[in-house]
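J.: The structure is given below, and queries will be raised subsequently.
The values are calculated or read from the model by the stated rules, or taken from the named source; none is laboratory data. Computed from a predicted structure; not experimentally measured. Here Cβ is always computed from backbone atoms with ideal geometry, including for glycine, and neighbour counts include all displayed protein chains.
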Ligand code: BES
Ligand code: ZN
């Protein structure tokens, strides 16, 4: 009898022990205190210091300034104990060697500039006015002729495409404003001799064409110079026994425009990447996290495009979210919009895992879910093109210093830096922490909140 009783006691105790073990070992639902812990660790002073260092000089892709930035970023990653990789890729600059325009045997004088791009060539042909070079402006007779084009209405890229399609042999483009000649630019694959002239010169040529046929010799020589630009990548490996197999990427671009120090565009984003790398270096994770700063964003998303196009297929398939931070610190950006004007842009204007996580994190942290909208123009584009959920975090409308020499440290707000790092940090924590449920597919977002689409002007 006694024996039987202790047998039952052991069974009952065993069951109780088993149930509590299952409970304690099972993953717990979203727990916002963890996210707040992340937020307490974020230090805007660190971020400000990074912006201060990087914005001492411009960091155009392929220049000394970029190399200094790359060395700084890599050394920071290394000092945090990360395994790093610096990925090289070529970028090109175009330099005018020679250009001349001869009109009916008389050289054209004044402000003439060769386009940048693959525009070298020497061609003699009749001139034809094609207005703004919209498809309906261009008669088939343009074939073999040199087109006189007015700037405006549609992008230069489209004008050149329309003209190349109809077989034009050269391009003389004049400004739609009275200022000097503008900076013409052909894309890599648009092979056509092309120069830019002033509005006055262009109107004179148009008048001359009214009187009869005009023969032009267009002689352009542009040198293509190869430079090297870089992506910097730091990888945080997941805990071996808790690996979900997924990869989350956090990115910003370290290059700037050639004529500005790019404190906000995008030293601010780099500062957030480094600060999040610092915090996550001490956290356990069930997801691989890659912290990446891209080069040559300003030259056409070249670094991020190179990064995505060289990913092993297995990596690409395991990537579930890309968080891009670009221009996230300007005090003057954001207008009177809630949450300092922070907004998440996707390429297709649709919500995705990244915007769901971002909205939930901002709701938790600032009791306000930030909106989303549709915009490219940064390194989230190639990720989206590879079917990886991606969004750009940015304050809109933009500050007046965008792409100006005045994009300097004194325009940076620590509060804005802190806010973005908290929101993106919490969102990343939500998906990468072993304490939170792994997001195995796009629909399984742990904390869904309401947030709205906004067509905000920039
Ligand atoms: N930081 C900007 C992107 C941006 C600008 C986003 C304005 C939202 C509003 C970025 O560095 C940039 O200037 N991008 C280029 C495009 C790129 C493909 C060369 C741009 O927008 O002109
Ligand atoms: Zn930028």
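J.: Name the pairs whose Cβ atoms lie under 6 Å apart, with the first residue in region 376-391 and under 20 Å from residue 255 (Cβ atoms), the second within 11 Å of ligand 1 (Cβ to nearest atom) and assigned to a helix (DSSP H, G or I), and 6 or more positions between them or separate chains?
T.: Filtered contacts from region 376-391: 379/304; 382/304; 382/305; 390/380.
J.: Which of the helices (runs of 4 or more DSSP H) contained wholly in region 248-357 include at least 2 residues that are within 11 Å of ligand 1 (Cβ to nearest atom)? Steps first, please.
T.: Working: elements: 268-280, 302-309, 313-318.
Hits in region 248-357: 268-280, 302-309.
J.: Would you confirm whether any residue within region 239-251 is closer than 30 Å to residue 406 by Cα and either within 16 Å of ligand 2 (Cβ to nearest atom) or free of Cβ contacts under 8 Å to residues at least 12 places away in the same chain (or both)?
T.: Within region 239-251 (the criterion being closer than 30 Å to residue 406 by Cα and either within 16 Å of ligand 2 (Cβ to nearest atom) or free of Cβ contacts under 8 Å to residues at least 12 places away in the same chain (or both)), the answer is yes, since at least one residue qualifies.
J.: If you check residue 378 against the conditions, is it at pLDDT below 95, within 15 Å of ligand 1 (Cβ to nearest atom) and either more than 30 Å from residue 239 (Cα to Cα) or in a helix (DSSP H, G or I) (or both)?
T.: The answer is no for residue 378.
Yes or no, residue by residue, for (1) within 16 Å of ligand 2 (Cβ to nearest atom); (2) more than 27 Å from residue 333 (Cβ to Cβ):
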| residue | (1), (2) |
| --- | --- |
| 198 | no, yes |
| 208 | no, yes |
| 221 | no, yes |
| 263 | yes, no |
| 268 | yes, no |
| 277 | no, no |
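J.: Has region 70-90 got at least one residue that is within 30 Å of residue 219 (Cβ to Cβ) and surrounded by fewer than 19 Cβ atoms within 10 Å (Cβ to Cβ)?
T.: Within region 70-90 (the criterion being within 30 Å of residue 219 (Cβ to Cβ) and surrounded by fewer than 19 Cβ atoms within 10 Å (Cβ to Cβ)), the answer is yes, since at least one residue qualifies.
J.: Name the single residue that is nearest to residue 250 (Cα to Cα) among those in region 358-375 being away from ligand 1 (no atom under 16 Å from the Cβ) and in a loop (DSSP other than H, G, I, E, B).
T.: Among them, the one singled out is 369.
J.: Given the condition closer than 22 Å to residue 238 by Cβ, crowded, with 21+ Cβ neighbours inside 10 Å and within 16 Å of ligand 2 (Cβ to nearest atom), answer yes or no: does some residue in region 292-300 qualify?
T.: Within region 292-300, one or more residues are closer than 22 Å to residue 238 by Cβ, crowded, with 21+ Cβ neighbours inside 10 Å and within 16 Å of ligand 2 (Cβ to nearest atom).
J.: Confirm whether residue 367 is free of Cβ contacts under 8 Å to residues at least 24 places away in the same chain and closer than 19 Å to residue 39 by Cα.
T.: So residue 367 passes the test.
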